[in-house]
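Notes follow the structure.
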Amino acid sequence: MIAESDLDSFKSEEYSDIFVNAIKETGAETILIGSNKNGKELASRLAGKLDAGCVIDSTNVYLKDKKLTAERVVYSGNAIAVEQFNSKPNIVTIPSKVFDPMKKDEKRTGEIIKKKFTVEKSPSKILKVQDMETGGVNVEDAEIIVSCGRGFKNKDDIKLVDELASVLKGKTVGCSRPIAADLKWLSEDHWIGLSGHKVKPKLYIAAGISGQIQHIAGMRDSGIVVAINKDPEALIFKSADYGIVGDLYEILPKLTDAVKEKIG
Ligand SMILES: Cc1cc2nc3c(=O)[nH]c(=O)nc-3n(C[C@H](O)[C@H](O)[C@H](O)COP(=O)(O)OP(=O)(O)OC[C@H]3O[C@@H](n4cnc5c(N)ncnc54)[C@H](O)[C@@H]3O)c2cc1C
């Protein structure tokens, strides 16, 4: 069902009313919502209105014993909670990239119903919408990410990851939390981890990143992980397919030259 309305901006109070009407009308039992800021607010408000169960940021959803079961990462990535719904409807939010898109199957058909809903206008007012300051980076869609952490001594040194990223197809630079949140050397759209962006590139290169669980939580689904760290005991090596123990200031330029030589 596509709900049509005259609402001009997102307010979860109003959107959730539309959902309530659409769910009652269609008898929908499972409601899947994207895990972005609006989606999470909408899901929890909807669960309140419908007195329904809700799992936020689910990483796996399946039927078990005929009941919808959802998994989510808890304790900063140290455990997985498996939660089962005992009532209906079931509300689940799913972060982007958790599932790969299915191949198009022409045999599957369905009916799209368009319906206009009118809901009571919320008394809350949006006074100002301000765009976040960004570096125009989209780490979530990147196929190759070169990331930097506190192992970098100065802001200018980040050019070392920039250079490696630009010789690799993809050209995307990521970072750990301290680089974006504390030092503000890069904008927050580069920030990867539990409280930053969740990424799933084919290749993730982590330079000068210790590999704390909160960082791993954002990049653990990456294809191949390469870690560069001068500490052989660094946690990041436990999550890496290839580990280079050494000084990033020596290794990064050599790696950039080697890639240049190999792929031109
Ligand atoms: C609630 C919460 C949420 C959080 N969310 C996030 C998140 O989303 N993302 C995130 O990244 N963090 C997050 N953190 C912070 C996290 O716990 C770590 O503090 C952070 O990831 C550490 O960043 P780092 O690895 O860059 O720095 P450090 O832990 O300081 O590691 C620097 C590494 O660089 C290495 N190094 C130093 N010099 C060199 C050199 N010359 N060559 C090679 N290696 C070198 C060191 O051996 C060290 O391993 C969160 C924390 C909390 C409490």
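The values are calculated or read from the model by the stated rules, or taken from the named source; none is laboratory data. Nothing here was measured: the structure is a model prediction, and the numbers come from that model. Quick reminder, even Gly has a Cβ in these numbers, built from the backbone with ideal geometry, and neighbours come from all protein chains shown. For accessibility, only protein heavy atoms count, side chains too; no ligands or nucleic acids. Shrake-Rupley method; radii C 1.70, N 1.55, O 1.52, S 1.80 Å.
Right, residue 239: modelled with pLDDT of 95 or more, crowded, with 21+ Cβ neighbours inside 10 Å and among the polar types (S, T, N, Q) or not?
Details: modelled with pLDDT of 95 or more: yes; crowded, with 21+ Cβ neighbours inside 10 Å: no; among the polar types (S, T, N, Q): yes.
Taking the combined requirement at face value, the residue does not satisfy it.
Tell me which of these residue 164 doesn't satisfy, since it passes every other one: (1) within 13 Å of residue 140 (Cα to Cα); (2) buried (at least 21 other Cβ atoms within 10 Å of the Cβ); (3) of a type outside the set (Val, Ile, Thr).
(1) is the only condition that residue 164 fails.
Filter segment 143-161 down to the residues that are surrounded by 22 or more Cβ atoms within 10 Å (Cβ to Cβ) and farther than 15 Å from residue 228 by Cα and list them by number.
Within segment 143-161, none qualify.
Please indicate, with yes or no, whether at least one residue in segment 203-215 is open to solvent by less than 20 Å² (accessible area, probe 1.4 Å), closer than 22 Å to residue 134 by Cβ, assigned to a helix (DSSP H, G or I) and within 9 Å of the ligand (Cβ to nearest atom).
yes
If you take just the strands (runs of 3 or more DSSP E) that sit entirely in segment 59-142, which of them hold at least 1 residues that are of a type in the set (A, V, I, L, M) and in contact with an Asp or Glu (Cβ under 9 Å, 6 or more places away or on another chain)? I'd like the intermediate steps shown before the answer.
On the way: elements: 67-74, 79-84, 90-94, 114-116.
Correct list: 67-74, 79-84, 90-94.
So, of the residues in segment 220-235 that are free of Cβ contacts under 8 Å to residues at least 40 places away in the same chain and more than 7 Å from the ligand (Cβ to nearest atom), which turns out to be nearest to the chain's Cα centre (by Cα)?
Residue satisfying both the conditions and the ranking: 223.
Yes or no, residue by residue, for (1) away from the ligand (no atom under 14 Å from the Cβ); (2) at pLDDT below 95; (3) assigned to a loop (DSSP other than H, G, I, E, B):
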position: 158; (1), (2), (3): no, no, no
position: 174; (1), (2), (3): no, no, no
position: 185; (1), (2), (3): no, no, yes
position: 189; (1), (2), (3): no, yes, no
position: 218; (1), (2), (3): no, yes, no
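Select from segment 236-264 the residues that are under 16 Å from residue 157 (Cβ atoms) and among the aliphatic types (A, V, I, L, M) and write down the one among them that is nearest to the ligand (Cβ to nearest atom).
Here the answer is 248.
Run down 109, 69, 134 and say which single residue is surrounded by 10 or more Cβ atoms within 10 Å (Cβ to Cβ), of a type in the set (S, T, N, Q), on the phi < 0 side of the Ramachandran plot and modelled with pLDDT of 90 or more.
69
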